[in-house]
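The values are calculated or read from the model by the stated rules, or taken from the named source; none is laboratory data. Since this is a predicted model, take the numbers as computed values, not measurements. A quick note on method: Cβ atoms are made from the backbone with ideal geometry, for glycine too, and the neighbour counts reach across all protein chains shown. Heavy atoms of the whole protein, side chains included, go into the accessibility calculation; ligands, DNA and RNA do not. Shrake-Rupley method; radii C 1.70, N 1.55, O 1.52, S 1.80 Å.
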Amino acid sequence: MPDRVQTVADQAVRECLATHRSFALIAGAGSGKTTSLVDALAEIRATQGATLRQNGQRIACITFTNRAVEVIRLRLGFDDLYYVSTLHSFLWSEISRFQRDIREALQNARLPALIAKAAEDDNGKDTKTARKAREKVARLEKELAGLPDVTDFSYDDVAFSDYLNGKLSHDDIIEIAGYLFRERTNFRRLIGVRYPFIFVDEAQDTYVPIVEGLNQTCGAAGLPLVGYFGDPWQQIYEGRAGDFAPPEGGLSITKVENFRCSPQVIAFLNAFRTDVEQVAAGSNANVQGSVEIRLVRAEAPEGPRKRYSDAQLDRALAAMDQAIEGWGWADNPEVIRLFLVRQMIARRLKFSGLQQLFTGPYASQRTQDDYEAGEHHLLKPFLEVICPLIESSANGANRRVIDILRTNSPAYDPHGPNANRKLKDMIDQSKAQLGDLARIWDAATTKDALVYCRDNNLIRVSDRLAEQLARPPRAEEYDDEAHSEEKGDWLADGFFVMPTSELFAYREFIEENTPYSTQHGVKGEEYPNVLVVFDDVEANWNQYSFSKLLTPGIAGEPTEGQQERGRKLAYVCFSRAEQHLKILFFTPAPEATRAELIAKGLFNDNQITTA
């Protein structure tokens, strides 16, 4: 937690609260943004809490993750005066009261927009893309026509919609709320009555329609106050309001203190980012840190889909190990290694087979997203039940074994079919079954483990998993044109023949028990020592190009998208470092790169080494 210092920015926020003026606090990395937010929330409780409680009103605080919700609620003492919630939960709590208007939003805006977007891919020809577009348009038009028959709409924190059954997705919630903010005065009025103060944490990651809607709700005298807390340079998700601003008449406030990073890291951040000049403001001002970059000659990718081969991954990892050894970090457990994607991580941690399968030709974007989140239906039984059971049994943690079984296994459900059996019998049975499972684990495939657990009711089997386990393997060769809608079958077949050996390593990474992470995965975190690995082969060129970002004179100018995405992601990575920041940069021209980095003022000569 940053040192508690009342800054000029914090005083400006207090003045806005006293005069009921909306504001936007721009707070760079390490600035103690959450402390400023919590202090502002506490200030309202101290000055107006009694009146708000008497009127049955609350203070809304919208943040980005469930983890952040719990942190803020804890720091506020779990006071019911505050409604602290994720954005989607807050919006659903409000729009769910407007069932008729939800239907109207879907009819007038959401589905017509989806139909128009799908139709853009239909060029009238008999191509795969055009056929899929026509099929999607037809499906959406059928759902649009069926909306009058839907009696009730629900939201269950899912990514996919089922409009004819009234099931809404993440994206639907945002678009419907945006529609109601724009079109329904009564919707805005009711939110204002319920929440005279609305604070938005991580405002740069809030969706544009929601910021616009809140500004419309709070944009005049006598209306609710909205306070935004965030940093445009930490906006790394697409379609969000990176350049958020308060309603007209509101105040924009910049907080320049940095309570996290050493002065050396702050100086580098100021050279990299020119819109905010941060200063060390706490005990970190006396910390001796460092910033260094090591340049390694990049190889042209030799693997499929313009990726590294296994041999090239091994050489890249060896270069990283050599750099870590040179920095004296080889035996330091307090070093986090940040990669753009998981290819090198999977190779090092030994789950490359899973990585290649779940990002390969049989993987849709949804499959890849579920894999990266640890939510894929093929993997969840291992992550949630099977691996914990095997681990706990091997460690002699018998109580933990029983707890896992009682919570997750139908055969051991306290209210299930074996509820009346003697406890000793169930314990003996569990020991025998786990002994069998351990033998299967060491010698057989993932499918063998799943089938054993299914047949002995050790896991709950989803409908999708049951279908995959029940069918024979696909005999025909996969053809993307003919089988694109069924590619999940080939994915499952590939998974079912894999040994179980990679699953524990994958689980360790998913549960953040390793010194490796993706660069997107550390937003909001902080570490004493940070190693950032930049490699345009990993970046896959289209979305990111760190060579173009850092050395456009050599690599060429980045596209606007590459520039925006790259600089923000790089800033997030750099600013995680509390004391020491090291950068490993794979570049095709190390010496020319060195000269350009020095000329740009990002590094001086003694901060750069070349492999």
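Suppose the filter is open to solvent by 60 Å² or more (accessible area, probe 1.4 Å) and charged (D, E, K, R); does residue 455 pass it?
Values: open to solvent by 60 Å² or more (accessible area, probe 1.4 Å): yes; charged (D, E, K, R): yes.
Taking the combined requirement at face value, the residue satisfies it.
Residues in region 40-82 that are closer than 24 Å to residue 523 by Cα and open to solvent by less than 70 Å² (accessible area, probe 1.4 Å): 40, 41, 60, 61, 62, 63, 65, 68, 69, 71, 72, 76. Apart from one condition, residue 232 fits all of (1) open to solvent by less than 50 Å² (accessible area, probe 1.4 Å); (2) farther than 30 Å from residue 41 by Cα; the exception is (2).
Kindly indicate whether residue 113 is exposed (fewer than 13 other Cβ atoms within 10 Å of the Cβ), of a type outside the set (Phe, Trp, Tyr) and touching a residue at least 24 places away in the same chain (Cβ under 8 Å). In short, yes. Residues that are surrounded by fewer than 14 Cβ atoms within 10 Å (Cβ to Cβ), in contact with a helix residue (DSSP H, G or I) (Cβ under 9 Å, 6 or more places away or on another chain) and among the basic types (Lys, Arg) within region 431-452 comprise just one, 431. Residues that are open to solvent by 30 Å² or more (accessible area, probe 1.4 Å) and in contact (Cβ under 8 Å) with a residue 60 or more places away in the chain were ranked within region 250-263; the one that is farthest from residue 31 (Cα to Cα) is 251. Examine region 508-531 for a residue that is more than 30 Å from residue 377 (Cα to Cα) and among the aliphatic types (A, V, I, L, M), and state whether such a residue exists. Yes; the residues of region 508-531 include at least one that is more than 30 Å from residue 377 (Cα to Cα) and among the aliphatic types (A, V, I, L, M). Just one of the listed residues (363, 323, 330) is of a type in the set (Gly, Ala, Ser) and free of Cβ contacts under 8 Å to residues at least 24 places away in the same chain, and it is 330. Restricting the first member to region 514-527 and to residues that are modelled with pLDDT of 90 or more, and the second to residues that are in a loop (DSSP other than H, G, I, E, B) and surrounded by fewer than 16 Cβ atoms within 10 Å (Cβ to Cβ), the beta-carbon pairs closer than 8 Å and six or more apart or on different chains are 515/333; 527/334.
Does residue 142 qualify as being at pLDDT 95 or above, over 28 Å from residue 83 (Cα atoms) and assigned to a helix (DSSP H, G or I)? Before you say what the answer is, go through the steps one by one.
Values: at pLDDT 95 or above: yes; over 28 Å from residue 83 (Cα atoms): yes; assigned to a helix (DSSP H, G or I): yes.
So residue 142 passes the test.
Scanning region 338-351 for residues that are part of a helix (DSSP H, G or I) and either open to solvent by less than 20 Å² (accessible area, probe 1.4 Å) or without any contact (Cβ under 8 Å) to a residue 60 or more places away in the chain (or both) turns up 344, 345, 346, 347. Within region 46-59, residues that are among the charged types (D, E, K, R) reach no partner that is open to solvent by less than 80 Å² (accessible area, probe 1.4 Å) and modelled with pLDDT under 95 with beta carbons closer than 6 Å at six or more positions or on different chains.
Among the residues of region 596-611, those identified as of a type outside the set (Ser, Thr, Tyr) and either touching a Pro at 6+ places or on another chain (Cβ under 7 Å) or not in a helix (DSSP H, G or I) (or both) are 600, 601, 602, 603, 604, 608, 611. Any residue that is surrounded by 15 or more Cβ atoms within 10 Å (Cβ to Cβ), free of Cβ contacts under 8 Å to residues at least 60 places away in the same chain and on the phi > 0 side of the Ramachandran plot - is there at least one of those in region 470-491? No, because not a single residue in region 470-491 is surrounded by 15 or more Cβ atoms within 10 Å (Cβ to Cβ), free of Cβ contacts under 8 Å to residues at least 60 places away in the same chain and on the phi > 0 side of the Ramachandran plot. Can you find a residue in region 310-319 that is open to solvent by less than 20 Å² (accessible area, probe 1.4 Å), in a loop (DSSP other than H, G, I, E, B) and without any contact (Cβ under 8 Å) to a residue 40 or more places away in the chain? So far as region 310-319 goes, no, none of its residues is open to solvent by less than 20 Å² (accessible area, probe 1.4 Å), in a loop (DSSP other than H, G, I, E, B) and without any contact (Cβ under 8 Å) to a residue 40 or more places away in the chain. Each residue in region 568-595 was checked for being assigned to a helix (DSSP H, G or I) and surrounded by fewer than 18 Cβ atoms within 10 Å (Cβ to Cβ), and 3 of them qualify.
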